[in-house]
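First the structure, in the form of structure tokens, and then the observations on it.
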Amino acid sequence: MQPAWPLLCLCSLIWAITGDPSADFCSQSLNSSVNPGFPETIKPNDPGVLRAARHTVERFNNCTNDIFLFKESHVNKALVQIVKGVKYMLNVEISRTICKKSKHPRLDECDFQTNRTLQQTFGCYSEVWVIPWLHKFEVTVLHCH
């Protein structure tokens, strides 16, 4: 029986430090607009959606042999899902810019192509997994046509 005393003392100490969860806290309804595990529509101009769209474009630019950079031109639809982090599911249009990859400019400073023969736009579906506490962005799915 003596080995149980240290465990009992530790449990009592933890209870004393953290306190008893109040009945009010446990009975209140939690007002969350997004339910974990269920994808929900989110505004295409949401800052998180725009960051996810930018990561989509960066992944696309790294995967193509095009000499020009592409940039997101329009987010058509966006869903968000709370998982181990946040998952964005995007339908986004990406268009060719006038900036060449070899110059490595900032995408915000790149205008879209005005030359009709060089203009090109793709419709893409992407899934971007964001783990904010690890500062991690991962494009897990990218399909463009």
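The values are calculated or read from the model by the stated rules, or taken from the named source; none is laboratory data. Bear in mind that the values here come from a model prediction, so they are computed numbers and not experimental data. With ideal geometry, Cβ positions are generated from the backbone for all residues, glycine too; neighbour counts draw on all protein chains shown.
GLU93 fails exactly one of the following numbered conditions: (1) closer than 18 Å to VAL141 by Cβ; (2) in contact with a helix residue (DSSP H, G or I) (Cβ under 9 Å, 6 or more places away or on another chain); (3) modelled with pLDDT of 95 or more. What is the number of that condition?
In the conditions (1) closer than 18 Å to VAL141 by Cβ; (2) in contact with a helix residue (DSSP H, G or I) (Cβ under 9 Å, 6 or more places away or on another chain); (3) modelled with pLDDT of 95 or more, GLU93 misses (2) alone.
Out of curiosity, is TRP129 more than 18 Å from THR64 (Cα to Cα), loosely packed, with under 13 Cβ neighbours inside 10 Å and not β-branched (Val, Ile, Thr)?
Numbers: more than 18 Å from THR64 (Cα to Cα): yes; loosely packed, with under 13 Cβ neighbours inside 10 Å: no; not β-branched (Val, Ile, Thr): yes.
Here the answer is no, as TRP129 does not meet what is asked.
Among the residues of the range 42-55, is any in a strand (DSSP E or B) and either surrounded by fewer than 16 Cβ atoms within 10 Å (Cβ to Cβ) or in contact (Cβ under 8 Å) with a residue 12 or more places away in the chain (or both)? First the steps, then the outcome.
Of the range 42-55, the ones in a strand (DSSP E or B) are none.
Within the range 42-55, none of the residues are in a strand (DSSP E or B) and either surrounded by fewer than 16 Cβ atoms within 10 Å (Cβ to Cβ) or in contact (Cβ under 8 Å) with a residue 12 or more places away in the chain (or both).
Restricting the range 62-117 to residues that are basic (Lys, Arg) and buried (at least 17 other Cβ atoms within 10 Å of the Cβ), which is farthest from the chain's Cα centre (by Cα)? Working first, answer last.
Going through the range 62-117, the residues basic (Lys, Arg) turn out to be 71, 77, 84, 87, 96, 100-101, 103, 106, 116.
Within this subset, residues satisfying the condition of being buried (at least 17 other Cβ atoms within 10 Å of the Cβ) are 71, 87, 96.
Numbers: LYS71: 17, LYS87: 5, ARG96: 23 Å.
If we take residues in the range 62-117 being basic (Lys, Arg) and buried (at least 17 other Cβ atoms within 10 Å of the Cβ), then ARG96 is farthest from the chain's Cα centre (by Cα).
Of all the residues that make up the range 109-135, how many are in a loop (DSSP other than H, G, I, E, B) and either of a type outside the set (Asp, Glu) or in contact with a Pro (Cβ under 8 Å, 6 or more places away or on another chain) (or both)? Spell out the reasoning first.
As a first pass, look at the range 109-135 and keep what is in a loop (DSSP other than H, G, I, E, B): 110-111, 113-120, 135.
From the residues that got through so far, the ones that are either of a type outside the set (Asp, Glu) or in contact with a Pro (Cβ under 8 Å, 6 or more places away or on another chain) (or both) too are 110, 113-120, 135.
Going through the range 109-135 one residue at a time, the tally reaches 10.
Would you confirm, using the coordinates I've provided, whether ILE98 is more than 20 Å from ASN45 (Cβ to Cβ) and outside any loop (DSSP other than H, G, I, E, B)?
On the way: more than 20 Å from ASN45 (Cβ to Cβ): yes; outside any loop (DSSP other than H, G, I, E, B): yes.
Here the answer is yes, as ILE98 does meet what is asked.
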